[in-house]
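The values are calculated or read from the model by the stated rules, or taken from the named source; none is laboratory data. Quick caveat: nothing in here was measured; it's all calculated off a predicted structure. Heads up, the Cβs are rebuilt from the backbone with ideal geometry, glycines too, and the neighbour counts pull from every protein chain shown.
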Amino acid sequence: MKENKLSRKQLLLLSSLIFGMFFGAGNLIFPVQLGQMAGHNWLPATAGFLLTGCLVPFLAMLAISMTKSKSVYDIAAPVAPWFGTAALVAIHFTLGPLFATPRTAATAFTMGISPFLPAKFQTLGMLIFSGIFFGLAYYLTIKKSGLMKWIGKYLNPLFLIFIAAVLLLALILPMGSFHQSASTAYQSNAGFQGILDGYNTMDGLALLGFSVSAIYAVKKMGFDDAATPKILAKAGLISIFWEALLYIALVLLGLTSLGKMSVAANGGAAFSKIITHYAGNLGILVTGIIVTLAVFTTAMGLFGSFAQDLNHVFPKISYIWWLRVIAGGSFITANAGLTNIIQWSTPVLMFLYPFALTLILLGISNKWVKQSPIMYRAVMASVTIPACLDALANSPLLKISAINNLINGYHQYLPLAADGFGWILPAIAGAFIGILILLFRQQRSTAKTPLAN
């Protein structure tokens, strides 16, 4: 494959593609919610949020490229084939019918339909809306409609222009000052809480699953495997720069909104109230239409990737049947409500992210690690127990006395565990164990090699 110089147009196109992969429903609502919750501690909280909301997805994309992986399976398979399969299934079900895909419909309903419905019709309205939403996504994904590309090409710029106009208006006519009260979780260690909030975007998981699309785009431009990581790094840095600016603006929008309103149940409701303040019901209607179409393309993309990857791993179950699984599952989950979806996703993300982050770090260290099964197994084994305990600490099972006592001990004796990062030190220890095993095997192999005459 020939190598050619990356043009400015190619760089901008690739940056736009990566930005589109980053931006979804959660990227709009969670920064607003963080601004409302963090109050005057918004700066460290935002810094933490940018770490997992921007940097981690960027590194995930590079990890996929550096390991020449074609899916989540490939980047996790050095542990064992079954682990690769389990990682792919867990990530795609999290991004699919359990949380991310249902969130697209729940966000669209919360921001575009809910404000116009009386309280007694909210449940029925969501049932009808989500049925139409996912039914249409299923139908158009089967037909492989060009609608997603058309909307993505024309609607996303319109969406960003509209958001920019709201943010500019909020900057000129702020609803309040930056000095607002911080909620309990942000009164101390706001930076750590911001990192955990960044988990909710699910971008770290999503980029593990979908960054292959960016890699293929680079190769279609005529670049080889050696050039791909550098090109992705350039384009990715541009995209995360603009993503970070957008996040900061949305955080400040949520923060200053406390001058006129109280903390909302979720970021979607907060954003809807802010739009009402600045643009009235007409603004809500326009926002609802734009957001619905924007997240609809995201849902179609999630439908297709879910069915395609799972059909590849389980070929006896057809692509169409997997589409039915994600459509039906997303419909059921979406009707739990946006607030409940966010609440129930937390323990799952606390379990998955330690594995995802360590896979990403091993991937970007591939020049030295070289996908060594020993290193991968040592690190994954080390983070398993902390990941399980972090999930329990954020689940309803914490109400059980024995589990509560277990978690209290875990938080008390393991550094960083109380902040949700109990897996970090075990992961480092696992890496050292892996290195020692590799050195021992290398020395043993050298000792057994007969000297040349």
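Details
- Residue check, Trp42 touching a residue at least 24 places away in the same chain (Cβ under 8 Å) and in a helix (DSSP H, G or I): yes
Let's see how each residue does on (1) small (Gly, Ala, Ser); (2) surrounded by 22 or more Cβ atoms within 10 Å (Cβ to Cβ); (3) in contact with a Lys or Arg (Cβ under 7 Å, 6 or more places away or on another chain):
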{"site": "Asp197", "(1), (2), (3)": "no, yes, no"}
{"site": "Gly222", "(1), (2), (3)": "yes, no, yes"}
{"site": "Lys230", "(1), (2), (3)": "no, no, no"}
{"site": "Ile238", "(1), (2), (3)": "no, no, no"}
{"site": "Ala249", "(1), (2), (3)": "yes, no, no"}
{"site": "Ser257", "(1), (2), (3)": "yes, yes, no"}
{"site": "Thr276", "(1), (2), (3)": "no, no, no"}
{"site": "Thr287", "(1), (2), (3)": "no, yes, no"}
{"site": "Ala299", "(1), (2), (3)": "yes, yes, no"}
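- Qualifying residue in the stretch 280-289 (condition: at pLDDT 85 or above, within 24 Å of Met21 (Cβ to Cβ) and in the same structural domain as Gln33 (by TED's automatic domain parsing)): no
- Scanning the stretch 162-199 for residues that are under 23 Å from Thr287 (Cβ atoms) and in a helix (DSSP H, G or I) returns Phe162, Ile163, Ala164, Ala165, Val166, Leu167, Leu168, Leu169, Ala170, Leu171, Ile172, Asp197.
- Among the numbered conditions (1) closer than 18 Å to Ser114 by Cβ; (2) of a type in the set (Gly, Ala, Ser); (3) in contact with a Leu (Cβ under 9 Å, 6 or more places away or on another chain), the only one that Gly337 does not meet is (3).
- The stretch 68-77: number of residues that are surrounded by fewer than 24 Cβ atoms within 10 Å (Cβ to Cβ) and at pLDDT 90 or above: 3
To keep it simple, each residue is scored yes or no on (1) among the small types (Gly, Ala, Ser); (2) touching a strand residue (DSSP E or B) at 6+ places or on another chain (Cβ under 6 Å); (3) in contact (Cβ under 8 Å) with a residue 40 or more places away in the chain.
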| position | (1), (2), (3) |
| --- | --- |
| Ala185 | yes, no, yes |
| Met202 | no, no, yes |
| Ala233 | yes, no, yes |
| Ile240 | no, no, yes |
| Ala249 | yes, no, yes |
| Lys273 | no, no, no |
| Asn281 | no, no, yes |
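- The residue that is farthest from the chain's Cα centre (by Cα), counting only those in the stretch 411-424 that are hydrophobic (A, V, I, L, M, F, W, C) and crowded, with 16+ Cβ neighbours inside 10 Å, is Leu414.
- Residue check, Ser318 crowded, with 18+ Cβ neighbours inside 10 Å and under 23 Å from Ile91 (Cβ atoms): no
- Single condition Met126 does not satisfy, out of (1) touching a Phe, Trp or Tyr at 6+ places or on another chain (Cβ under 7 Å); (2) at pLDDT below 90; (3) not polar (S, T, N, Q): (2)
- Note on the stretch 53-67: residues that are of a type outside the set (A, V, I, L, M, F, W, C), surrounded by fewer than 23 Cβ atoms within 10 Å (Cβ to Cβ) and closer than 30 Å to Leu258 by Cα amount to 0.
- The criterion of at least 2 residues that are in contact with a His (Cβ under 8 Å, 6 or more places away or on another chain), among the small types (Gly, Ala, Ser) and at pLDDT 90 or above is met by none of the helices (runs of 4 or more DSSP H) wholly inside the stretch 302-397.
- The single residue among Lys9, Lys5 that is surrounded by fewer than 23 Cβ atoms within 10 Å (Cβ to Cβ) and outside any helix (DSSP H, G or I) turns out to be Lys5.
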